[in-house]
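Asker: Before I ask anything, let me first share the structure, which is written out below as structure tokens.
Coordinate-derived values only; no laboratory data. No experiment lies behind these values; they were computed from the predicted model shown. We place every Cβ from the backbone using ideal geometry, glycine too, and count neighbours over all the protein chains shown.
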Amino acid sequence: MAAAALMLLGVTAGSGLVAQSPDGPVSTARARSAPVFTAYFENDTFTGTDQHYTNGLKLSWLSADLADWGQTGWRKTLVAMLPFVNRTEGQKNLGLALGQNIYTPRDIRRTNPDPVDRPYAGWLYLELAFVSKTPAISDTVAIQAGLIGPHSLSEDSQRIVHQWSGSTRPRGWAHQLRDEMGVNLVYERRWRLYGRALVQRLGIDLVPHAGVSLGNVQTYANAGGTVRFGLNLPSDFGVQLARPGSVGGTPADDLDPRVALDRNFSVFAFGAADGRAVARDIFLDGNTFRSSRSVNKEAFVGDLSAGFGLIAGPWQLTYTQVWRTREFKAQRGYYNNFGSVSVSRAY
């Protein structure tokens, strides 16, 4: 039976048995002791373009289960004040990530970019996340802090990569957004709302989500969902892009093929949608307290995506093709697209 077919019937915190299937209790002992490291790479080269959100890199680590967050004193008190993620049952994980996003206009050959096109911008950040989950619900509270502007090193990153690959040299970085400290506070909830085994280990599941981001970098509310179909589906909360709050996913139970003793292979396909109501996007609105290039953003942005995943032992590989609706009024075309690759290992 596919791991994703398991629905929560009972919870016994700290016992190693947190869920039940029609065949009886499901152990979580191995799942609780399996941290996950994930590398994300996103680029529009996968779709033959070089514009707008043109590159994203993110390296993340999500800890094994920390029954009491592993801290004492003021650190434990501080974490205990966080909303949503301090339920007594289920698993708790600490996530750390380092990432960089690069944004450019449509024509990177111009020394003086088109003033009605997306400005050059970069975002270099660290992320700290707290995740609390049961087999049915996952809550993530995360904070991102970093730099927008020349000290994000995005200009250097893009020029080096384009030089190595023989791509067009970007010439307009002198007009990028100016240096600014950036902070995002992010919350997202995910549900394993539906899961069924169809034939033996072939299964399907539905993972909706909703969240919010507050900060001078990005302020929005979002909602969407993912549908997966395949063999030996992992018992996590779906494939994510390298966006705020994404720090990978650890197994929820011991039927996950990354930790299972008798099912260490998985192949699956998925489709996803996400919609955002955007109040602020510094990469379009420009710097907060200083004059800079800017464009008139769209208030509502949507993503449609599809892809596939492979699991072999502790390794997981996913590829996602993303179609994103227009993000600013003067943007040419109805959508922008890019590809996202993630490689992770449970250990």
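Asker: Which of the lysines could be linked to K92 by a straight reach, that is with a Cα gap under 24 Å, when you skip same-chain ones fewer than 8 residues away?
Answerer: K58, K76, K133
Asker: Say the dipole of segment 3-346 comes from +1 at the beta carbon of Lys and Arg and -1 at that of Asp and Glu; which of S60, A330, G211 then lies farthest toward its positive end?
Answerer: Of the candidates, A330 comes out farthest on the positive side.
Asker: Considering Cα pairs under 8 angstrom that are at least six residues apart, work out the relative contact order of segment 3-346 and quote it in whole percent.
Answerer: 18
Asker: What does the charge count near S60 come to, summing +1 for each Lys or Arg and -1 for each Asp or Glu among other residues with Cβ under 13 Å from its Cβ?
Answerer: Local net charge: +2.
Asker: Please work out how much length the chain gains when fully extended from T49 to Y335, using 0.36 nm per residue of separation minus the C-alpha to C-alpha distance, in nm with one decimal.
Answerer: 101.8 nm
Asker: What residue among R326, R171, R190 shows peak mean-square fluctuation when the chain is described by a Gaussian network model with Cα springs under 10 Å?
Answerer: Result: R171 has the largest fluctuation of those listed.
Asker: Would you mind checking the tilt of helix 154-165 against the longest principal axis of the Cα atoms of the chain, expressed as 0 to 90 degrees and rounded to 10?
Answerer: Computed tilt is about 90 degrees.
Asker: Further, regarding this structure: Mind checking which aspartates and glutamates have their C-alpha under 19 Å from K297, skipping anything on the same chain fewer than 8 residues away?
Answerer: Of all the aspartates and glutamates, those that pass the test against K297 - Cα under 19 Å, at least 8 places apart if same chain - are D107, D114, D117, D274, D281, D285, E327.
Asker: Would you calculate the separation in nanometres between label points at K76 and R169, each defined as 7 Å from the Cα along the Cα-to-beta-carbon direction?
Answerer: About 5.9 nm separates the two model spin labels.
Asker: Would you look at the GNM of the chain, springs on alpha carbons closer than 10 Å, and say which of D303, D205, D114 moves the most?
Answerer: Maximum fluctuation in the GNM of the chain, among the listed residues, is at D114.
Asker: Using +1 on the beta carbon of Lys and Arg, -1 on that of Asp and Glu, and nothing else charged, what's the dipole of segment 75-224 about the Cα centre, debye to 20?
Answerer: About 420 debye.
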